[in-house]
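Here it is, the structure, as structure tokens.
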Amino acid sequence: MAKKQIKNTKTTDKERKTVTVAFAGGGTGGHIYPGLAIADELRDICNEADINLNLVWIGNSKGMDKKIVESNIGPDEKPSVDKFYGIPSGKLRRYFSIQNFIDVFKIGAGCISAYFKLLKLKPAVLFSKGGFVSVPPCFAAKLLKIPVVTHECDFTPGLATKINSRFATKLLLSYEETKEYIRQELEEKIIVTGNPVRPVFYNTDDEIGKDFTGFKYSRKKKPILFVMGGSLGAKQINDMVFENLEWLCERFYVIHQTGIKNQDSMPVIPDALADSYRSYPFIYEQMPHVISYADVILSRAGANSLWECAVLKKPMVLVPLCGSGTRGDQVDNAEFFEQKGAAIVLNGEYANSNSLRNALITMQDSKKRKLFSEACGKMLPKKRSARYIAEILTENFINR
């Protein structure tokens, strides 16, 4: 008797629906890394829905955008993004500069380039993570009637978000209170999602952080302080640490991300402090585990760093970037976390050694650290932000 033929019902790649989704953003890692976290979640959802996802990224043709995007590997050990497209980019400034005149032409060229790229790609949706490079793609998508979803990570919206919100079908915010800064006619577009962080921050391992730093002593002896000022570092924070290094090492084990650009100016560390101090130019792959391993964080107040620490419920001492070179977004972020009881802020004239010592004396107390940690937990949305945003994006092509 002939064997009964069993029909193979498994869907092949050719039979699966293919969808293109475009991401736009760049200029800094802060406008890229959260988007990559969303990209990983979006790919996971599309795999579950049996959809081939073609995920492309439109960023600055110059700078680090291309390298950051193309080097990111998702949880499935595959690139998070299939293709990077660079466009000309001009910076948006609120102050007078002769560079504004030049950048008008760059922005115009970016709009034309983005238009023809999107016309060819025909994405189901364009997601903007912000930054000046995201404005031309959002404008072009509006002309091509491609749905635009834009996200603001800071407590107060930046200029790019204010412009992109005019083209967007949905405006995503990290904080409920940010609604107060949005024009009333945009209220129906708003969804509060929180700020996306990489999935690994929800699955950290303290042992990896411990092995990375190599501290051999019990944290019961003294707590672990992690100092970070971003990938490029923060001279202000570095100077405060070096001015107080002996004092710090008496009371904490110190892990210090100094920043790539500050390596030549690093002072010589006395041998007597070697058991309590570790410095690194930049930490990326091990960053979630190092933050998880730490007891206290001393940091700038960039939106992404704040949310990564909040997800891990870490007490923070914040030294926000302020002054004429910034629009004050870090000050706003820091003050909000302080109001919620999740951080101590050293701002302006209070960013000095005396205030730093007072703040860290508070953080030596484990009971007080617990209160800051609990405050962080209360700030988090019920659903993981990157997953929530990815689900919002799929509304434009799943079940349609």
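Checking the structure you have, find out if any residue of the stretch 304-324 is of a type in the set (Ser, Thr, Tyr) and modelled with pLDDT of 95 or more.
Taking every residue of the stretch 304-324 in turn, none turns out to be of a type in the set (Ser, Thr, Tyr) and modelled with pLDDT of 95 or more.
Residue under question is PHE127, and the condition is that it be among the aromatic types (Phe, Trp, Tyr), within 28 Å of ILE73 (Cα to Cα) and touching a strand residue (DSSP E or B) at 6+ places or on another chain (Cβ under 6 Å); does it hold?
Working: among the aromatic types (Phe, Trp, Tyr): yes; within 28 Å of ILE73 (Cα to Cα): yes; touching a strand residue (DSSP E or B) at 6+ places or on another chain (Cβ under 6 Å): yes.
For PHE127, the condition - among the aromatic types (Phe, Trp, Tyr), within 28 Å of ILE73 (Cα to Cα) and touching a strand residue (DSSP E or B) at 6+ places or on another chain (Cβ under 6 Å) - is met.
Would you mind finding the one in ILE297, ILE389, ILE291 that is within 23 Å of LYS210 (Cα to Cα), modelled with pLDDT of 95 or more, assigned to a helix (DSSP H, G or I) and of a type outside the set (D, E, K, R)?
Of ILE297, ILE389, ILE291, the one residue that is within 23 Å of LYS210 (Cα to Cα), modelled with pLDDT of 95 or more, assigned to a helix (DSSP H, G or I) and of a type outside the set (D, E, K, R) is ILE291.
Anything in the stretch 257-288 that is surrounded by fewer than 15 Cβ atoms within 10 Å (Cβ to Cβ), part of a loop (DSSP other than H, G, I, E, B) and among the aliphatic types (A, V, I, L, M)? List them, or say none.
Within the stretch 257-288, MET266, VAL268 meet the criteria.
Report those helices (runs of 4 or more DSSP H) wholly inside the stretch 119-236 carrying at least 3 residues which are open to solvent by less than 10 Å² (accessible area, probe 1.4 Å).
Those helices (runs of 4 or more DSSP H) span 135-143.
Same structure again: Tell me which residues, restricted to the stretch 135-186, are closer than 15 Å to ILE389 by Cβ and touching a residue at least 60 places away in the same chain (Cβ under 8 Å).
PRO147, VAL149, HIS151, CYS153, LYS170, LEU172, SER174, TYR175
So which residues in the stretch 323-348 are within 19 Å of the chain's Cα centre (by Cα) and open to solvent by 20 Å² or more (accessible area, probe 1.4 Å), if there are any at all?
The answer is THR326, ARG327, ASP329, GLN330, VAL331, ASP332, GLU335.
In the stretch 34-52, what residues are touching a Ser or Thr at 6+ places or on another chain (Cβ under 8 Å) and crowded, with 20+ Cβ neighbours inside 10 Å?
LEU36, ALA39, ASP40, LEU42, ARG43, CYS46
For LYS314, work out the one condition from (1) in a strand (DSSP E or B); (2) surrounded by 20 or more Cβ atoms within 10 Å (Cβ to Cβ) it doesn't fulfil.
(1)
The values are calculated or read from the model by the stated rules, or taken from the named source; none is laboratory data. For clarity, every value in this text was computed on a predicted model and none was experimentally measured. Reconstructed Cβ throughout: ideal geometry from the backbone, glycine too, with neighbour counts over all protein chains shown. Accessible surface is based on the protein model in full, side chains and every heavy atom, while ligands, DNA and RNA are left aside. Shrake-Rupley method; radii C 1.70, N 1.55, O 1.52, S 1.80 Å.
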